[in-house]
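The values are calculated or read from the model by the stated rules, or taken from the named source; none is laboratory data. If you're wondering where the values come from, they're calculated on a predicted model, not measured in any experiment. Cβ: placed from backbone, ideal geometry, glycine included. Neighbour counts: every protein chain shown. Just so you know, the surface numbers come from the protein's heavy atoms only, side chains and all, with ligands and any DNA or RNA stripped out. Shrake-Rupley method; radii C 1.70, N 1.55, O 1.52, S 1.80 Å.
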Amino acid sequence: MEKALKNYQENNVIYTNQFAVIAFVVMIAFKISMLPSYLYETVGRDAWLIIGILLAIESAMFFVTLYVVKRVNLLADNCKWLHILDVIIYGYAMIRLIVLYSGLITYTSNSLFDQGRYDFIILAFAFVISYIVSKGGNTIARLFEIIFYFILAILIVMILTPSFKWDLSELTPIFGSNNQNFLGGFTDYSVWFGDYIPLVYFTVKNHKNKILNKASVPVALIISSVAVVLFYVAFIAVYGEAGSQVYYAFNRMSVFNTISELLGATNFLSILVWMIMSLLQIILLFLTATNALARLIKSKVVAIIFNIAFVSCVEWFWVKKLENAHNFAIGGVKYFILVCQFLIPLAMLIYTKVREKEKL
């Protein structure tokens, strides 16, 4: 068992450019789905400003995480105090999984099929996710890297061939909407952020290419952040006050014509790119939960089986409607997730500094 765990630790070693690719994908995936509608409902036309500020904070945390994972291997560290952190990360990962995974399952069931059966969809995802997670972080990082170019090509095609009409006057006046709740905009949707935390269980090595090693992460974070902010700008300019009623924004923004087309139309490319990105992020969160539990119980196999069974049951028997996941996300758990987003990087940074002093 110890040998298996050691191999598993080694399978979570990635390069800086792979870290950048993962950051690029997870910064976009679920932020262009249900979140635009939720944010518009809370803060109105200024949603693009709020998302910009939140992405700036998240980008800064990615750099903190990169600093840490280049210096310590959390999976290989047997410090007992770190098990407290494992418990916190496990709770964080499971909460985010319950909420975000429901979005993927619901979209697959309601949009890709005519009332597709939840049980079949959950079982199909369960087998795929558990198999990939069993291969470790290295394999998942390579999967991100391979599919990244495909995702990038589709995104470029979609950007170069827009099919919507927008009115930039919908963005004004800034801070002039009625019934705005800016505090809620920063706190209510914390479950959709903190995408850097799953990366703390990786160990990052420098790439041989010095340019990729230095520039890949900043470039990935800048491009993804700007892309998401521009998406929100376009979303608000197109839908205006109807924005709060438009779910799965990535799909509705792909082909927009008239109100008679149910506030948008289906576009194959948008479905393809979003499902790939969202599934990759769900796999990464499952890996995070598996890593945390495996460190506590010393069994990767048991951790994978328990996590996939537990989350599948929750989705199957409880999260039958997207509203259930939404209400859960904006309940008391949002404060726990919000604390985790700052506590975990800070704790890891302090731990890294202590470790570095011990080596001197």
Helix 333-359 versus the longest principal axis of the chain: what angle, 0 to 90°, nearest 10, using Cα atoms? 40 degrees
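Which FRET efficiency value, to the nearest 0.05, do you get for ILE53 and LEU152 by plugging their Cβ-Cβ distance into 1/(1 + (r/R0)^6) with R0 = 25 Å? The partial results should precede the final answer.
Working: r = 26 Å, r/R0 = 1.03.
Computed FRET efficiency for ILE53 and LEU152 comes out at 0.45.
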With a 10 Å cut-off between alpha carbons and a GNM built on the chain, which of VAL302, VAL68, VAL229 moves the most? VAL302
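If eta is 1.567 mPa s and T is 4 °C, what Stokes-Einstein diffusion coefficient results for the stretch 280-348, Kirkwood Rh from Cα pairs, in µm²/s?
Working: Rh = 13.8 Å.
It diffuses with D of about 94 µm²/s by this estimate.
Taking a threshold of 23 Å on the Cα-Cα distance, which of the pairs LYS70/LYS353; LYS214/LYS357; LYS31/LYS334; LYS300/LYS321; LYS214/LYS334 fall above it? It would help to have the intermediate numbers written out before the result.
Values: LYS70/LYS353 12 Å; LYS214/LYS357 25 Å; LYS31/LYS334 16 Å; LYS300/LYS321 31 Å; LYS214/LYS334 34 Å.
Beyond 23 Å between Cα atoms: LYS214/LYS357; LYS300/LYS321; LYS214/LYS334.
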Along the Cα→Cβ direction, 7 angstrom out, place labels at LEU269 and LEU296. What is the inter-label distance in nm? 4.4 nm
Taking the chain as the reference, fit the longest principal axis to its C-alpha atoms, fit the long axis of helix 118-134 to the helix C-alpha atoms, and give the angle between the two in degrees, 0 to 90, nearest 10. 40 degrees
Surface per residue (accessible, 1.4 Å probe) for the chain, Å²: 45 Å²
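So what's the chain giving for Cα Rg divided by 2.2 N^0.38 Å, two decimals?
On the way: Rg = 20.1 Å, N = 360, 2.2 N^0.38 = 20.6 Å.
Ratio of Rg to 2.2 N^0.38 Å for the chain: 0.98.
Per DSSP H run of n ≥ 4, the term is -39500 (n - 2.57); total these for the chain, divide by its residue number, and report the mean residue ellipticity at 222 nm rounded to 500 deg cm²/dmol. Working shown, then result.
On the way: 14 runs with 248 residues, N = 360.
Computed ellipticity for the chain at 222 nm equals -23500 deg cm²/dmol.
Where Rh is the Kirkwood radius over the Cα pairs of the stretch 170-231, the temperature 37 °C and the viscosity 0.692 mPa s, what D in µm²/s does Stokes-Einstein return?
Numbers: Rh = 15.4 Å.
Value of D from the Cα-based Kirkwood radius: 213 µm²/s.
Is there a quick way to get the dipole size of the chain? I mean about its Cα centre, with the Cβ of Lys and Arg at +1 and of Asp and Glu at -1; what is the value in debye to the nearest 20? Walk me through the numbers on the way to the answer.
Values: 27 positive and 20 negative charges, 309 e Å.
Taking the Cα centre of the chain as origin, the dipole is about 1480 debye.
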For the stretch 64-104, what size does the Cα cloud have along each of its three principal axes, sorted from largest down, in whole Å? 35, 22, 15
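Find me the longest stretch of the chain that has none of the exposed chymotrypsin sites (Phe, Trp or Tyr not before Pro), where exposed means in a DSSP loop (not H, G, I, E or B) with at most 14 other Cβ atoms within 10 Å. Could you put the intermediate results ahead of the total?
Details: sites that count: TRP81, PHE113, PHE175, TRP318.
It works out to 176-317.
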Helix 137-160 against the longest principal axis of the chain: what's the angle in degrees, Cα atoms only, rounded to the nearest 10? 20 degrees
Remind me, what semi-axes does the stretch 1-106 give for its equivalent ellipsoid, largest first in whole Å, using sqrt of 5 times each Cα gyration tensor eigenvalue? 32, 17, 14
Tell me the carbon and sulfur percent of the accessible area for the chain, rounded to whole percent, probe radius 1.4 Å. 67 percent
